[in-house]
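Have a look at the structure below before the remarks.
The values are calculated or read from the model by the stated rules, or taken from the named source; none is laboratory data. What you see is a predicted model, and the numbers here were worked out from it, not measured in a lab. Heads up, the Cβs are rebuilt from the backbone with ideal geometry, glycines too, and the neighbour counts pull from every protein chain shown.
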Amino acid sequence: MVAEAEVVCQKRVPVLDVQYFGKGSNMEEIDEIVAISSTVSSPKFGQALFAESVAADLSTSQLDVKSPEKVPDPSTESTVLQFVPSIRSGSFADIGQRRYMEDEHIRIDDLSSHLGSLFKFPKPSAFYGVFDGHGGPEAAAYIRKNALRFFFEDVNFPQTCEVDDVFLEGLENSLRESFLLADLDLEDNCAVNSSSGTTAITALIFGSLLMVANAGDCRAVLCRKGKAIDMSEDHRPIYPSEQERVKGLGGYVDDGYLNGVLSVSRALGDWDMKFPRGSSPLIAEPEFRQVLLTEDDEFVIIGCDGIWDVMSSQHAVSLVRRGLWRHGDPEQCARDLVKEALCHNTCDNLTVIVVCFFAPDHREQPSPRQRRLRCCSLSAEALCRLRSLLDGNANR
């Protein structure tokens, strides 16, 4: 009997106007921060220096990982494989503006000890998942409750202590089978309403390998030397690749909604939209991205769409990175991300997991410029109050 994974879910209903801030570009974020900084600048740390520092932090020169990276042969890339992450994580969830909490998540920093001696994995090993429900909380809650069975016990999960091509192929096949198995289980379970569904994103770490599997619009973002690297692609029917697939299966997109009903094009459950089986454009098939972690990789953020509706990947990475410089606590960073999204008036449930790859005493030290930015930066709550004050003055 495996132990139940740690799940954090805290609810509160903040009083905020329900409106979207929108996914701004990096330059829009810079302009916003510079506008706020003009009220708190000093002779030694003026607006120009602040803008220069933030611009460097929010650089758009991100690495392209549209296609998964092939893990190198250990015999030729031994120096890369020598990096061993020191894993620690934190998470936070909030009901946001919704009446009900439909998000669930799972966080396991030491998968080997959690599952017991029956499983042999490369070390370290870790497992994380975010399940963003819709049409009621039943589907997401059921997947979270049975996640270890779906992903490790009821499938042919590869057993090895080496990360090689055979392990990678087996891992991807196992994850795909897990998503489809979970989807079918939701169909057969009478306790789950047929109109209830959930998106799902999982992240597995084995040694220096990070593999992300995603079905839906949750997102995983890797921080590499301060730059945001998307480790998943949002599955929304308005995006060209998904729209083409949907139309190829006889579906349509109406005002951004799949068949005029659902805002995502991949999900588990939603069986009232999937009959007859195999004919629906709504699928549970996950997409995969993988990367070998190196000393340049600092952390990964895994969050539901309530975060990404109002925040770019780079904005989130920059906020977490500054937080880790200050206090080194991934749980506090997850809280700060949720607070930031609330300040930007997100109207969805919010769930974030932050996974760090370094111990607190080994995190990268900020440069002199970044230390100046740190000394003069404001908290998410302070920025929120400052925005409200500035908006009030502008309306007079």
**Message:** Tally up the residues in segment 278-292 that are over 17 Å from the mean Cα position of the chain (by Cα), part of a loop (DSSP other than H, G, I, E, B) and in contact (Cβ under 8 Å) with a residue 24 or more places away in the chain, please.
**Reply:** 6
**Fill in**
Note on F167: of the conditions (1) among the aromatic types (F, W, Y); (2) within 28 Å of V246 (Cα to Cα); (3) at pLDDT below 95, unmet is (2)
**Prompt:** Are any residues in segment 306-329 of a type in the set (S, T, N, Q) and more than 12 Å from the chain's Cα centre (by Cα), and if so, which ones?
**Reply:** Q314, S318
**Complete:** Counted residues in segment 293-307 being in contact with a helix residue (DSSP H, G or I) (Cβ under 8 Å, 6 or more places away or on another chain) and either free of Cβ contacts under 8 Å to residues at least 12 places away in the same chain or not in a loop (DSSP other than H, G, I, E, B) (or both) come to 6
**Message:** Among the residues in segment 95-108, are any within 30 Å of R236 (Cβ to Cβ) and of a type in the set (G, A, S)?
**Reply:** yes
**Asked** If you go through segment 346-356, how many residues are of a type outside the set (A, V, I, L, M) and either in contact with a Ser or Thr (Cβ under 8 Å, 6 or more places away or on another chain) or at pLDDT below 95 (or both)?
**Response** 3
**Request:** Output yes when any residue across segment 142-149 is part of a loop (DSSP other than H, G, I, E, B), at pLDDT 95 or above and within 18 Å of E104 (Cβ to Cβ), and no when none is.
**Result:** yes
**Asked** Which condition number in (1) in contact (Cβ under 8 Å) with a residue 60 or more places away in the chain; (2) crowded, with 18+ Cβ neighbours inside 10 Å; (3) out of contact with any Ser or Thr (no Cβ under 9 Å at 6 or more places or on another chain) is the one that L171 fails?
**Response** (1)
**Restricting segment 199-228 to residues that are of a type in the set (G, A, S) and in a strand (DSSP E or B), the residue that is farthest from I283 (Cα to Cα)** = A228
**Request:** From (1) over 14 Å from the mean Cα position of the chain (by Cα); (2) farther than 14 Å from G90 by Cβ, pick out the condition that doesn't hold for Q332.
**Result:** (2)
